[in-house]
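Have a look at the structure below before the remarks.
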Amino acid sequence: MFSVIIQYIYGDDPFADAESITSAGEILEVADRFSFTDPKLMSEYRLVKSGVDASNIVDLVILASWHSCALLKEAADNFIIASPKVVIASLGWAQVEESALLMANIIKILLIGRSKMGGDGNALDCMDIASLRRKLG
């Protein structure tokens, strides 16, 4: 776990294997513990870029919740909205059912869904994470 910190400090690429959920989880844990924003964002980005599917949705939902990963949560939420039956049929669904917080979030996104951008395009609370980061960056 601390090898990630050493790699990051000395300029090596701790993200070489960040597409692996296990590796990304370790990076997120270290980044949270020591408030390393860049490694956290990069690990989160790599997970999202590697794709959300039925085989990893539960792990990604859990990681997003535990480590407050907005981009990862958004990608997982979008997958849940698009394919709720696939999510419920996934192998790790029992883990989600055991967490009141995760279940509440899933029920909320399925019932309410994502608000669509409207009006003048400046409604910050309706923007997706990538758009919000571009606007505020």
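Nothing in this text is a laboratory measurement; each read-out follows from the coordinates by a stated rule. Treat the numbers as computed from the prediction; the structure is a model and nothing was measured.
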Using θ = phi - 60° and Karplus 6.51 cos²θ - 1.76 cosθ + 1.60, couplings along segment 38-45 (whole Hz; Gly, Pro as x): 4, x, 5, 5, 5, 5, 4, 4
Short version: ³J(HN,Hα) in whole Hz for each residue of segment 84-89, in order, from phi by Karplus 6.51 cos²θ - 1.76 cosθ + 1.60 (θ = phi - 60°), x for Gly and Pro, what are they? x, 5, 5, 5, 5, 7
